[in-house]
1. Among Gly199, Gly243, Gly30, which one shows the biggest mean-square fluctuation in a GNM of the chain, springs joining Cα atoms closer than 10 Å?
2. Kindly identify the stretch 35-133 as rounded, prolate or oblate by the Cα gyration tensor criterion: order the square roots of the eigenvalues as a ≥ b ≥ c, call it rounded if a/c is under 1.5, otherwise compare a/b with b/c, prolate if a/b is larger, else oblate.
3. Counting alpha carbon pairs within less than 8 Å and at least 6 residues apart, what relative contact order, in whole percent, applies to the chain?
4. Relative to the longest principal axis of the chain, what angle (0 to 90°, nearest 10) does the C-alpha long axis of helix 41-53 take?
5. Which residue, Ser236, Ser92, Ser40, has the most motion in a Gaussian network model of the chain that connects Cα atoms within less than 10 Å?
6. Considering amide H positions built from the backbone, and no H for Pro or chain starts, which residues 5 or more places from Val61, or on another chain, come under 5 Å of its amide H?
7. Would you look at the GNM of the chain, springs on alpha carbons closer than 10 Å, and say which of Ala82, Ala132, Ala58 moves the most?
8. Rounding to the nearest 10 and keeping the result within 0 to 90°, find how far the Cα-based axis of helix 117-126 lies from the longest principal axis of the chain.
Amino acid sequence: MLPSAHRQVLVTGGGRRLGAAICEAFAQAGWRVWCQYRASKDEALALCERLRAEGGTARAVEADITTEAGRRALMAEVTAVAPLDAVVNNASAFEPDSAQDFAADAAGRQLGVNLIAPLDFARLLAAQPQPAGTAPADRCALHILDQKVYNLNPDYFTYTVSKLALERAVALQAQALAPSARVCGVSPGILYASGPQTGDNFSLAARANLMRRPIDPADVARSCVFLAETASVTGSTLSVDNGQHLVPLPRDIMFVVDELLAGTAPSTPAP
Ligand SMILES: NC(=O)c1ccc[n+]([C@@H]2O[C@H](COP(=O)([O-])OP(=O)(O)OC[C@H]3O[C@@H](n4cnc5c(N)ncnc54)[C@H](OP(=O)(O)O)[C@@H]3O)[C@@H](O)[C@H]2O)c1
């Protein structure tokens, strides 16, 4: 395996929140980081400037990862510098819908970002040519999942379906893309407030796990670096969620916090 200083990683949706933590962890581990953004240009540029000031190598790159042409153009830009060693499929859309009311076109767009783009980036990573006479490169695609896939409830229906399919695809793609690339999953629990969630709601929800404490996004990011640098692991998913997937809830955590407060939510530890 190349030393980390010679390896490069692409992080989708890398400008803010978990994506930014992942960019930071790889940069601190010595990787060259490509931070893909769509809307978060200012955040991505500022993040990469900070990482460079701290001695890392990081570049922000705007790309549309929702189209095949956009993904191919991004891969061409990145691999023009050097082969890509890892991709972290972090970008995702989290839109409220239900099994009863989902709109097919909106669901298709969400599946495009959350499922098709990660599958495509993994195969593009694996399809890079191996320079003749060189040792096989260790390449790794990482799919960011969600503890929801082990702990079903019907809220955020299309999002959940997309992550369920991606979770199953970890093993499937590991089989299909070997030995050209490894494929692993990282499955976080709740990390940040999303959608309509208030700060108060989030601070309670963040503790509704076995350890009764918030999950540190840096732990999720370090897990990505660990998997990218550990050549013997493929087809596996690491849960980084303080055991949240072992705390069943009837609805998305943000909708049962009030019941948690009132002590009426079933199968729920005290927050
Ligand atoms: N947040 C949590 O508590 C939590 C819990 C479990 C799992 N996860 C998983 O962890 C990952 C990161 O979570 P996060 O909350 O940090 O993510 P996020 O803020 O919801 O989204 C990350 C980035 O994805 C890009 N993105 C969103 N919708 C897009 C679309 N329709 N087309 C193209 N790009 C789009 C955006 O990039 P731009 O801003 O540049 O447009 C956005 O900043 C996700 O895969 C998520 O499913 C998160």
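1. Highest fluctuation of the listed residues: Gly199.
2. It comes out oblate by the Cα gyration axes.
3. 18 percent
4. 60 degrees
5. Highest fluctuation of the listed residues: Ser40.
6. Cys35, Gln36, Tyr37
7. Ala132
8. The angle comes out near 30 degrees.
Computed from the coordinates by the stated procedures, all read-outs in this text should not be read as laboratory data. Every value quoted in this text rests on a predicted model; they were computed, and no experiment measured them. A quick note on method: Cβ atoms are made from the backbone with ideal geometry, for glycine too, and the neighbour counts reach across all protein chains shown.
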